[in-house]
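Beneath this line is the structure, given in structure tokens, with notes to follow.
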Amino acid sequence: MAAGKVYLIGAGPGDPGLLTLKGQQYLAQADVVIYDYLANPVLLGHARAAAEKIYVGKVRGNHHLPQEETNALLADRAAAGLQVVRLKGGDPYIFGRGGEEAAYLKERGIPCEVVPGVTAGFAAAAYAGIPLTHRDVTTSLALLTGHERPDRKLSSLDWEKLATGLGTLIFYMGMTNLGQISEQLIRHGRAADTPVAVIQWATLPRQRTLVGSLDRIAADVVREGLEPPAIIIIGEVVKYREELRWYDNLPLFGKRFLVTRPREQAVAFVALLQQQGAETICIPTIEIVPPEDLQPLDAAILQLSTIDSLILTSANGVAAFFERLTEQQLDLRSLAGVQLVAVGPKTAQALEQRGLRPDLVPKNYHAEGLVAELLAQGVAGKRILYPRAEIARTLIIDKLKEAGAEVLAPVAYRTIRPTGKEEMIRHLLSAEELDGICFSSPSTFDNLLAMFGDELKQLQGQAEFLSIGPSTSKAIRKQKYQVALEPQHSTLDDLVTAMVEYYK
Ligand code: SAH
């Protein structure tokens, strides 16, 4: 039996991008992933689908699994020869009981490796725009817990030394005792007007930051309703935030959008939105699946040597076409001499990723633009292959045929409506948790409508409908719904730019 091992991995503070490369690599190889309340569950996406995933998180005051049982779980799985990843929020060795887990394993002779993570205190500082040390105001820094073991009093901290002997202080788990902490510091010599920042849910789009003075901050926190998890930073460095903040003033910060594209295609879009500070929730309203009958596409592919032009109108079409090409034991050489036409930059990119450069990308990225440029070239007598979506408009086929081309238009893929997503979407909409819903094709809207019927009318009041382009807007308006915005060009980049402008 292969030897089991436990990897104590720091998951970082929340932003999934703050996991280390090594952490990601071990996650990808794990048989078992045991994770916490503060480890972002999005990170589980790095693990294999088949990996066992166990939540042992704690919500304050409500310990899901006693530490002893977590320890035993780690040891049992590793003893069974499995690769166990223990994913812990922030850094495993900072206020996370990582030391206790490692010691437990060590006693039982189970190998254990520790991968550090970005601790919440450092991350909160960075995302709030607070340099923790600065030559002009402080040269030292302390990490402290404001919520000690119940069997000890907070007073076991040496308040006098903390108050006067150190520069920046970072308190973890300090929210309940914030009043006491500030009082003790002031009593032992810290200036009452020392700036303090309290950062809740640091590095996530729901981050909230409150700045005040040491004597007032506890009252401010109550008034503003800030709650754990939060980091408290005390010291002169806090005043740099005004100048250095960069995250919570991003254009879409604090806004939350529903992304309805299929998951594989949502990645790039989600990244663009997050760069602008937005929070995204992906619940695809369409799923891409192969056509019911593959024969027409396969037959057309076998005739490639007789084809003059190949028209592709989406990245999905490109993916479906090449899947069948490969399935027929063919490769790129079958496309030698075939004119490649891509409807727009994303489709062109999908071709380029496969080592093919399109011969034609129309200036206007839609079917009309594509037809106009092909007709200008002359298509009479040409054989054109157009692997299409099942529900594609017939415009391309009709116009090319009218102009004398022979058009083969086999279905290359279908979009279907995933089931079981209604409840999540209804909840988000009725709880007014969304600012907008992004539609990137007519079917993303049509399917949402099919999910809710007339009820969507009531729900639309809560979130705005954002459309990628004319045909999507048309589908929305046709059902008498309002389109809040549509970018000038139908690309995801332009949609995000338009959103930034709109929500200014
Ligand atoms: N090992 C973790 C700390 C665990 S203790 C680390 O290195 O970050 C839990 C405390 O961490 C919380 O009470 C809170 O003070 C802080 N914390 C963790 N994640 C946080 C976040 N995203 N924003 C603010 N505070 C956070």
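The values are calculated or read from the model by the stated rules, or taken from the named source; none is laboratory data. Only a predicted model underlies this, so the values are computations on that prediction, with no experimental measurement involved. Cβ sites come from the backbone with ideal geometry, for glycine too, and all protein chains shown count toward neighbours.
Restricting to the range 206-229, what's the tally of residues that are outside any strand (DSSP E or B) and among the small types (Gly, Ala, Ser)?
Residues that pass the stated criteria total 3.
State all residues of the range 73-87 that are surrounded by fewer than 24 Cβ atoms within 10 Å (Cβ to Cβ) and either outside any helix (DSSP H, G or I) or within 16 Å of the ligand (Cβ to nearest atom) (or both); if no residue qualifies, say none.
Ala80, Gly81, Leu82, Gln83
This table checks each residue for (1) of a type outside the set (Gly, Ala, Ser); (2) away from the ligand (no atom under 16 Å from the Cβ).
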{"residue": "Glu183", "(1), (2)": "yes, yes"}
{"residue": "Ala197", "(1), (2)": "no, no"}
{"residue": "Arg208", "(1), (2)": "yes, no"}
{"residue": "Asp215", "(1), (2)": "yes, yes"}
{"residue": "Asp220", "(1), (2)": "yes, yes"}
{"residue": "Arg223", "(1), (2)": "yes, yes"}
{"residue": "Tyr240", "(1), (2)": "yes, yes"}
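Can we say Glu236 is under 32 Å from the mean Cα position of the chain (by Cα), more than 19 Å from Tyr172 (Cβ to Cβ) and surrounded by fewer than 20 Cβ atoms within 10 Å (Cβ to Cβ)?
no
Looking only at the range 242-258, count every residue that is of a type in the set (A, V, I, L, M) and either within 16 Å of the ligand (Cβ to nearest atom) or at pLDDT below 95 (or both) and tell me the total.
Adding up the residues that qualify gives 1.
Hey, Thr176 hits all of (1) at pLDDT 95 or above; (2) out of contact with any helix residue (DSSP H, G or I) (no Cβ under 7 Å at 6 or more places or on another chain); (3) more than 22 Å from Ala11 (Cα to Cα) but one; which does it fall short on?
That leaves (1) as the condition not met.
Out of (1) in contact with a Cys (Cβ under 8 Å, 6 or more places away or on another chain); (2) assigned by TED's automatic domain parsing to the domain that holds Ile311, what's the single condition that is false for Val411?
(1)
Results for (1) under 25 Å from Gln295 (Cα atoms); (2) within 34 Å of the chain's Cα centre (by Cα); (3) part of a loop (DSSP other than H, G, I, E, B); (4) not small (Gly, Ala, Ser), shown as yes or no for each residue.
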position	(1), (2), (3), (4)
Val341	yes, yes, no, yes
Thr347	yes, yes, no, yes
Gly355	no, yes, yes, no
Ile396	yes, no, no, yes
Glu423	no, yes, no, yes
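Return the residues of the range 8-42 that are surrounded by fewer than 22 Cβ atoms within 10 Å (Cβ to Cβ), within 16 Å of the ligand (Cβ to nearest atom) and among the aliphatic types (A, V, I, L, M); say none if nothing qualifies.
The answer is Leu18, Leu38, Val42.
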